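The values are calculated or read from the model by the stated rules, or taken from the named source; none is laboratory data. The structure displayed is predicted, hence computed values, not measured ones. Every residue, glycine among them, receives a Cβ derived from its backbone with ideal geometry; neighbour counts consider all protein chains shown.
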Amino acid sequence: MISILKALWTVFVHLFKRKVTVLYPEEKPYIPPRWRGRIILARDPDGGERCVACHLCAIACPVDCISLQATEDEYGRRYPEFFRINFSRCIFCGYCEEACPTYAIQLTTDFEMSEYNRRNLVYEKEDLLISGTGKYPGYNFYKVAGLSIKGKDKGEAENELPPVDVKGLMP
Amino acid sequence: MNETLKYLLIVFGVLGVMMSIAAGLIWVERRLLGLWQDRYGPNRVGPMGVLQPLADVIKILAKEDWVPPFADKPVFMLAPAIIVITVLLSFAVVPFTPGIAVANLNIGLLYFLAMSSLGVYSVALGGWSSGNKYALIGALRASAQMISYEVFMGLSIMGVVMLSGSFNLHEIVEAQKRLWFIVPQFLGFVVFFIAGVAETHRLPFDLPEAESELVAGFHSEYSGMKFGLFFVGEYLGITLISMLITTLFFGGWLGPVLPPVVWFFIKTFFFIGFFILLRAALPRPRYDQLIRTGWKLMLPLALLNIVVTGGVILAAR
Ligand code: SF4
Ligand code: SF4
């Protein structure tokens, strides 16, 4: 009996306690920088698209919500012809970001993606592609990769030695 | 003609006020529960969220009115209406002020007891006709609980009847002019309050709808406005019990300075708030504990109250 009255009183006093609720739209919560939110496609520092359309993200995605088509430009650079993420299916697991060899696909801190129409949750490449480099500012895939494209031959990448002459006998 | 008009006004006024209180309580309860749990509760729709019930009603009316194919259709449809009707009928005898009461029955208290017993039909039939085992268990629990708590709910207010010498609620209030019955009838008040909580099957006595064991108890199969009616019935029940506690033990409309109707509603809302506090604070007892407390503790207490009150009245003669 006493314990019941004590419980009632304890709960009643909570009327005057500070509330733990964060009144969201007015008061923004702190979002950690590594938050897995809206997905973007980043560009190289020189403005070229980072994505090389390798399909690794689409394969890694556990819910199969990424769809893309690879193509190649006149310099020999691969890029996606279209790149589509269905955010009504995405679970924001971040596996695509882990799989990407070029730091192209990145998850950001934005989570305010509500839509009235479900179709609007399908983001096309124009919606995904940003003009900056995202989380990895200095990185440029073709500058470090051994792949030859027009204007950059084998052995010309950063930290890369000229190719070995496999037919020579010198050490 | 003028008389008729006045009565029509009172009848529809009471109906309107009761329905709006029942709707408003949705917001009051959610807000208070929130505050007591260190949250804010609904505070977005309208100022402080007072328009939340409106949004809820629109939503619930727009829902599909679904009757499960295995249910006993006519009974299933009838059940939610019964509880609302019986509770609304009980409001007929509540004296809001000396002048405002729908009916000044000389057996008002008995009428209230009769109506609240009829309310159990709603729960029992609703659970039975759902054709769902959880609903059935909920309905069985409700019946047993209502029957056992009904007994000493009636007995607990006999002390009040003895002191005031009347079953008429108006006269009971008049008899409290000198001293509210809470003082001589404290035991009766406690027993009546507990029985009232059990009667409206509110937490902590909400075993008929114990979510953790029975899905939602007797209204598991209900949705849309039929579910809404059960809810309205529950809130009307809380209001009714609070009003009766006010009338029987706290001097009804009596009070200094403020007009009678204001006093009446202040007291009523105090008890409504207490009902919600009970819900916020107390865990649900086991079913056997509930029934045991009823028969082994509450019934003897109610009887003791009658005997002592009777003895004191006789001795004072
Ligand atoms: S975050 Fe996960 S679910 Fe979303 S696109 Fe990337 S891999 Fe797929
Ligand atoms: S985003 Fe990354 S992983 Fe996906 S296709 Fe482009 S380069 Fe490959």
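Only one of these conditions is not met by A:LYS6: (1) among the basic types (Lys, Arg); (2) more than 22 Å from A:GLY146 (Cβ to Cβ); (3) more than 14 Å from chain B (Cβ to nearest Cβ); (4) out of contact with any helix residue (DSSP H, G or I) (no Cβ under 8 Å at 6 or more places or on another chain). Which number is it?
Going through the list (1) among the basic types (Lys, Arg); (2) more than 22 Å from A:GLY146 (Cβ to Cβ); (3) more than 14 Å from chain B (Cβ to nearest Cβ); (4) out of contact with any helix residue (DSSP H, G or I) (no Cβ under 8 Å at 6 or more places or on another chain), A:LYS6 breaks only (3).
List the pairs whose first member sits in segment B:267-287 and is away from chain A (no Cβ under 14 Å), whose second member is among the aromatic types (Phe, Trp, Tyr) and assigned to a loop (DSSP other than H, G, I, E, B), and whose Cβ atoms are under 6 Å apart, counting only residues at least 6 apart or on separate chains?
Sorted first by the residue in segment B:267-287, then by its partner, the pairs are B:LYS267/B:PHE250.
Among the candidates B:ALA71, B:ALA81, B:ALA62, B:ALA92, single out the residue that is of a type in the set (Gly, Ala, Ser), more than 14 Å from B:TRP128 (Cα to Cα) and over 24 Å from the mean Cα position of the chain (by Cα).
On the way: B:ALA71 fails: more than 14 Å from B:TRP128 (Cα to Cα); B:ALA81 fails: over 24 Å from the mean Cα position of the chain (by Cα); B:ALA92 fails: over 24 Å from the mean Cα position of the chain (by Cα).
Testing whether each residue is of a type in the set (Gly, Ala, Ser), more than 14 Å from B:TRP128 (Cα to Cα) and over 24 Å from the mean Cα position of the chain (by Cα) leaves just B:ALA62.
Can you tell which of A:LYS143, A:LYS167, A:LYS125, A:LYS150 is of a type in the set (D, E, K, R), more than 13 Å from ligand 2 (Cβ to nearest atom) and surrounded by 11 or more Cβ atoms within 10 Å (Cβ to Cβ)?
Numbers: A:LYS167 fails: surrounded by 11 or more Cβ atoms within 10 Å (Cβ to Cβ); A:LYS125 fails: more than 13 Å from ligand 2 (Cβ to nearest atom); A:LYS150 fails: surrounded by 11 or more Cβ atoms within 10 Å (Cβ to Cβ).
None of the other options fit; the residue is A:LYS143.
Pairs needed: first member in segment A:17-45, within 10 Å of chain B (Cβ to nearest Cβ); second member anywhere, surrounded by 14 or more Cβ atoms within 10 Å (Cβ to Cβ) and outside any loop (DSSP other than H, G, I, E, B); C-beta distance under 9 Å; at least 6 residues apart or different chains.
Note: pairs meeting the criteria are A:LYS17/B:LEU35; A:LYS19/B:GLY34; A:LYS19/B:LEU35; A:THR21/B:GLY34.
Is there any pair linking a residue in segment A:67-90 that is more than 14 Å from chain B (Cβ to nearest Cβ) to one that is within 12 Å of ligand 2 (Cβ to nearest atom) and among the acidic types (Asp, Glu), with Cβ under 9 Å and at least six apart or on different chains, and which?
Correct list of pairs: A:LEU68/A:GLU81; A:GLN69/A:GLU81; A:ALA70/A:GLU81; A:THR71/A:GLU81; A:ARG77/A:GLU49; A:TYR79/A:GLU49; A:PRO80/A:GLU49.
For segment A:52-111, which positions are of a type in the set (Asp, Glu) and within 9 Å of ligand 2 (Cβ to nearest atom)?
A:GLU97
Quick one: would you say A:LYS6 is basic (Lys, Arg), farther than 30 Å from A:ASP153 by Cβ, away from ligand 2 (no atom under 16 Å from the Cβ) and at pLDDT below 85?
no
Scan segment B:10-23 and tell me whether some residue there is over 23 Å from the mean Cα position of the chain (by Cα) and loosely packed, with under 14 Cβ neighbours inside 10 Å.
no
With the condition kept exactly as written, say whether any residue in segment A:105-120 is surrounded by 14 or more Cβ atoms within 10 Å (Cβ to Cβ) and in contact with a Ser or Thr (Cβ under 9 Å, 6 or more places away or on another chain).
no
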